[in-house]
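Just so it is clear, none of the values below were taken in a lab; they were calculated from the coordinates. Remember, predicted model here, so these are calculated numbers, not experimental data. Note: ideal-geometry Cβ built from the backbone for every residue, glycine included; neighbour counts use all protein chains shown.
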Amino acid sequence: MLYFSWKIIKIKFDVKGIVSVIRMSLNEFLNEIRENLLKKDAIRQEIQSLARKTIRMAKQAIFLVHRDMIDSAESILKEASIDVNKLVELSKTYPEICVGLIETPLQEYAEAKVFLNLIKNGTFISPGVVGVPGESYVLGLADVIGELRRRALDLIRKDRVKDAEECLNLMETIYNELIGCDDLQALMPGLRRKCDIARRIIETTRGDITMEIRREMLNNSIRDLQKALGSMMEHARG
């Protein structure tokens, strides 16, 4: 009986010890999970902050390009490139955190870089020069068409129709190249929709430029007629 009682006590002691060990182990597991989640949350907040800053600076650069303040736009994008490089590196290290957070800022940055170079040099730059993944480059390139329309309208208001036509030519070049790559539209969600929007933008811009050209031709004809009538009246007086 004494032996039995001792064994019961020993078993109780062992059970308490095991439970204590289990609790300690579980506590360690949960703390480790907590630390990982806190670390991921801190990284997520950093990514969100970089993303917001990049979007803001890209939009500001585009605004400056429209005002022909090219040097200022380049300066802003040079500063933004530091954050873009951080976002790209973070996407490689923490891809599961970056999904849904970095796509828009990288597209906006690519759009600003491509647009600036088109206006300054009249040439396209590669994804490597921009410093973003290919997908971000393509989607940003598609959005450049909208900025070129905006510039074309500004040029029309300044009576620079020829320059507006150059913008239209660039818009058509981008669109034709994008729709010429069927695989791109199939593999990249959102590109087909952007191309559909771009097509409507191009058609509207072509109509605006055509109307302006006709208006200019009509004004020239009216001026020529006025000159001819003036000459006829002078001859009649003579």
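Considering just Cα atoms, how many Å³ per residue does the convex hull of the chain enclose? Provide the component values of the computation, followed by the final result.
Values: hull volume 38.9 nm³, N = 238.
Spread over its residues, the Cα hull of the chain gives 164 Å³ apiece.
Going highest first, how would you order 128-140, 183-195 by mean Cβ packing within 10 Å?
Ranked by mean Cβ neighbours within 10 Å, highest first: 128-140, 183-195.
Using a 10 Å cut-off on Cβ atoms, rank the peptides 80-90, 116-126 from the highest mean neighbour count down.
My ranking of the peptides, most packed first, is 80-90, 116-126.
Figure the gain on full extension for ARG67 and ILE197 (residue separation times 0.36 nm, minus the Cα-Cα span) and round it to one decimal in nm.
Result for the pair: 44.3 nm of gain on full extension.
Using only Cα atoms, what Kirkwood radius does region 22-74 have, in angstroms?
About 14.2 Å for region 22-74.
Counting each DSSP H run of 4 or more residues in the chain as -39500 (n - 2.57), what helix-only mean residue ellipticity at 222 nm follows after dividing by all residues, to the nearest 500 deg cm²/dmol? Walk me through the numbers on the way to the answer.
Details: 9 runs with 212 residues, N = 238.
Helices in the chain give a 222 nm mean residue ellipticity of -31500 deg cm²/dmol.
Rounded to the nearest 0.05, what FRET efficiency is calculated for ASN219 and LYS59 with R0 set to 25 Å and r the Cβ-Cβ distance?
For ASN219 and LYS59, the calculated efficiency is 0.10.
Find how many whole Å separate the alpha carbon centroid of region 115-161 from the alpha carbon centroid of region 34-73.
Result: 20 Å between the Cα centres.
Among ILE179, LEU168, GLN226, whose Cα sits farthest toward the positive end of the charge dipole of region 133-238 (+1 at Cβ of Lys/Arg, -1 at Cβ of Asp/Glu, about the Cα centre)?
Value computed over the given set: GLN226.
Starting from the eigenvalues of the Cα gyration tensor, five times each then square-rooted, give me the equivalent ellipsoid semi-axes of region 81-159, largest first, whole Å. Kindly include the intermediate steps, with their values, before the conclusion.
Numbers: eigenvalues 162, 30, 16 Å².
Whole-Å semi-axes of the equivalent ellipsoid: 28, 12, 9.
Given R₀ = 35 Å, FRET efficiency for LEU187-GLN48 by Cβ-Cβ distance, to 0.05?
Rounded to the nearest 0.05, the efficiency is 0.80.
Kindly list the residues of region 200-224 that lie in the label zone of ARG160, defined by a backbone N under 17 Å from the point 7 Å along the Cα-to-C-beta vector.
The answer is 209, 213.
What number does region 15-109 give for Rg over Rh if you use C-alpha atoms and the Kirkwood radius?
Radius of gyration over Kirkwood radius for region 15-109 works out to 1.34.
When only C-alpha pairs under 8 Å and at least 6 residues apart count, what is the relative contact order of the chain, in percent?
Details: 190 pairs, mean separation 32.3, N = 238.
That works out to 14 percent.
Please compute the length gained on full extension between THR204 and ARG237, using 0.36 nm multiplied by the number of residues separating them and subtracting their Cα-Cα distance.
Value of the extension gain: 6.9 nm.
Grab the Cα-Cα distance for GLN226 and VAL88, subtract it from 0.36 nm times how many residues apart they are, and report the gain in nm with one decimal.
43.3 nm
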